[in-house]
Every structure is written in C-alpha cells, then in structure tokens.
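Only one structure is covered here, and it is reproduced in the block below.
The values are calculated or read from the model by the stated rules, or taken from the named source; none is laboratory data. Because the structure is predicted, anything quoted here is derived from the model rather than measured. Note that each Cβ is placed from the backbone with ideal geometry, even for glycine, and that neighbours are counted across all protein chains shown.
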Amino acid sequence: MRFLVSALTMLVFLLSVPAANAAPIKIKFSHVVAVNTPKGQMADKFKALVEERLAGKVVVEVFPNAQLFGDNKVLEALALGDVQLAAPSLSKFQKYTKSLQIFDLPFLFNDISAVDKFMATDAGKKLLHATEKKGLLGLGFLHNGMKQLSASSPLTVPEDAAGMKFRIMTSDVLAAQFQAVKASPQKKPFSEVFTLLQTKAIDGQENTWSNIFSKKFFEVQEHITHSDHGYLGYMVVTSTEFWSGLPDDIRGEVQKALAEAIAFGNQVANEKAVGDKKAIMDSGRSKIIELSADQRGQWVDAMKPVWKKFEGDIGKDLIDAALAANK
Ligand code: LMR
C-alpha cells in the first residue's frame, strides 16, 4: 500500500513538472546571404528578440551564407522539419505557387514604397497564404531592394545584353526577361554566383546593391548598370505543421518578434540601398552606369512584353492591384 502511495505521488509529481523542465523549442533559421545584409540582420534581430522574451522556452539558431541549405533546397528542408524558418526570395517559390511570380515582372513597381503599398492591400496580404496548401505558410514579407544589372562589359541599351549569359534565380519570369533582350539566362544557386562570374563561366547577373556588395560581385564585374529594373524581396516562411504545433502564447510572441525584426530589416534595406552603392563606387572596382531617361525607356520597352506572357499564371487583377500601388 505504502509503495502504491509513493508511486502515485511520484506520478503526480512527474505529471506536474514537465512544462517547467521541457527542452526549449528549437527554431533553425537558414538563409543564403551574408550577415551584413537586410535578411542577415533581420534574422539576427529575430533571434535576439525571441531569446530575450522567451528565454528558456525557445532558442533560435541562424545559419547564414547557405551554410546549411541553399535556397533551392531549403523549402524541402522546411517541409521535412529539418529547419523551421527560412526567407527565400520571392522568385524561388515558383514550384509552390505562380502568384508570387508577380514580384519578378520587370519594371512593375516604381520603387520600394509602391511594393510596400501593394503588400499592405488585401490582395498583397493574401499572398502570404499562397503556398499554404503545399504545407508552407508565409509569416511576413521583407525587402532587399531594387535589382541592378552587372556585367563584364557595359550595358547601356538592351542590345548590349544580346548573346550574354546572365545568372538568374529559379524563375521562368526572370528567364523570359533576359530572353526578351536576346540574352541567355542561366538558373544557378546564389552560392555559385561569385565563382561563375570570376571564372567567366557567365557574363553577368542581376541583384541588389546589398547582394552585389556583400558577396563581392563588384570585384569580378567591371560594369554595373543602375537599372532598378526589378524588385528583390523575401517571404519569411515556416511549415504549417510546425506553426500549428506551437503553443498559442509562444506562437503569438514569435510572430510579434518576427514583425519587429522585419521592420528592422526593412530599415537596414533602405540604408544599404544607398550605402552599399556608395561603397561600391568608392571601391573603384566597377564603373556604375547611370541611364538617361531615353536609355531606361528602351529597357522598359524591351522587357515589359514579359508581363503579357505571365498574365494568365499570375492573374490580371493582381497585376492591376500592383500597378495601382505606383500611384
Ligand atoms: C539570389 O539568389 O540572387 C538572391 O535571392 C539571394 C538572396 O537571398 O538575397
């Protein structure tokens, strides 16, 4: 009898303590860019906020520079539960949804504030759910900036790009964009771009000032055209399974920390769009080409027909909603 009482007491004790002694929830956050970038800074800020507010309950491990997974693998890793957060560029979701391809359409958004305005509309917010049926949930959008063209020879008018090989992200819209100027698009992972440029396996690429600077592309590209021809941003994404399995209070705190980290990352993005361009100019390693209105107009005319080609996939209403944000 005494044995039974002590066994029962022990059982009651064990049932009452597991929460206190439970191992902290681990969030692995994998990304491909350098630490000193909008996404790198956002991820580190998120870790700091979560570990301060949920000390002992949640730990965040950040893996930058494609240390753990490249962008083309990270979405599969999320689904398998090998990582819990990632923020691939919007161009890398093509296998999961067609609607996010809207962000790749060349010359669609005039600037980042137009992108912000569009993302805040109902149509924009709905895009966070575009991959949900495939088990991936968008938790927020983050900016990097407007893309520029870099190459081994000067790109002033579209004809200059003809016959050149450009690395692109895994997006058919971006492929069509380069085909529209008779160039040859090459889908390659971000982690390979520097070597491809250095060895001249490709002639050019498109990216933001921040990525061109932090990954040293400017050291192996003699010319950068300030084209602002497209937008580069990210969807912070988790698996629906991981997200719905979190206790409500923890999920709420994590979401709040993420929103604050994204706001911080967007601020970093604004600063880097100016600061990293200046750093590249100051380095004297690449020449920056500023286009005249007429030259830029020629790029617009050459690339804009791409919209029509993808209108069916993306949806005309969504494109119209994005265009309305330019006003
Ligand atoms: C690229 O592949 O060029 C970018 O998506 C990298 C990044 O995450 O900014």
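A few comments on the model shown:
- Selection from the stretch 85-130 of residues that are charged (D, E, K, R), over 14 Å from the mean Cα position of the chain (by Cα) and either closer than 27 Å to Val50 by Cα or within 16 Å of the ligand (Cβ to nearest atom) (or both): Lys95, Asp116, Lys125, Lys126
- For the stretch 238-261, the condition of being surrounded by 19 or more Cβ atoms within 10 Å (Cβ to Cβ), at pLDDT 95 or above and not in a helix (DSSP H, G or I) holds for at least one residue.
- Scanning the stretch 141-174 for residues that are at positive phi and either under 14 Å from the mean Cα position of the chain (by Cα) or touching a residue at least 60 places away in the same chain (Cβ under 8 Å) (or both) turns up just one, Gly145.
- Hey, Ile280 crowded, with 18+ Cβ neighbours inside 10 Å, modelled with pLDDT of 95 or more and not in a helix (DSSP H, G or I) or not: no
- Flag if Ala79 is in a helix (DSSP H, G or I), surrounded by fewer than 18 Cβ atoms within 10 Å (Cβ to Cβ), touching a residue at least 40 places away in the same chain (Cβ under 8 Å) and more than 16 Å from the ligand (Cβ to nearest atom): yes
- The set of residues in the stretch 26-69 that are closer than 17 Å to Pro189 by Cα, part of a strand (DSSP E or B) and among the aromatic types (Phe, Trp, Tyr) contains only Phe63.
- Criterion: polar (S, T, N, Q) and closer than 24 Å to Gln94 by Cα - qualifying residue of Thr195, Thr199, Thr238, Thr225: Thr238
- Counted residues, the stretch 71-84 - those being under 13 Å from the mean Cα position of the chain (by Cα) and either over 15 Å from Asn144 (Cβ atoms) or aliphatic (A, V, I, L, M) (or both): 3
- Residue identified as more than 14 Å from the ligand (Cβ to nearest atom), more than 28 Å from Asp294 (Cβ to Cβ) and surrounded by fewer than 19 Cβ atoms within 10 Å (Cβ to Cβ) among Lys187, Lys200, Lys216, Lys182: Lys200
- Within the stretch 193-223, being under 17 Å from the mean Cα position of the chain (by Cα) and of a type in the set (Asp, Glu) holds for one residue alone: Glu206.
- One residue stands out among those in the stretch 25-61 that are within 15 Å of the ligand (Cβ to nearest atom), hydrophobic (A, V, I, L, M, F, W, C) and crowded, with 19+ Cβ neighbours inside 10 Å: the one that is nearest to Leu246 (Cα to Cα), which is Phe29.
- Those residues of the stretch 124-137 which are surrounded by fewer than 19 Cβ atoms within 10 Å (Cβ to Cβ) and in contact (Cβ under 8 Å) with a residue 60 or more places away in the chain, in sequence order: Leu128, Glu132, Gly135
- Close pairs (7 angstrom Cβ cut-off, 6 or more residues apart or separate chains): without any contact (Cβ under 8 Å) to a residue 40 or more places away in the chain in the stretch 193-204, part of a loop (DSSP other than H, G, I, E, B) and of a type in the set (Lys, Arg) anywhere: Val193/Lys215; Phe194/Lys215; Phe194/Lys216; Leu196/Lys188
- Listed conditions (1) in contact with a strand residue (DSSP E or B) (Cβ under 9 Å, 6 or more places away or on another chain); (2) surrounded by fewer than 18 Cβ atoms within 10 Å (Cβ to Cβ) are all met by Gln84, apart from (2).
- Ala325 being touching a Lys or Arg at 6+ places or on another chain (Cβ under 9 Å) and not acidic (Asp, Glu): yes
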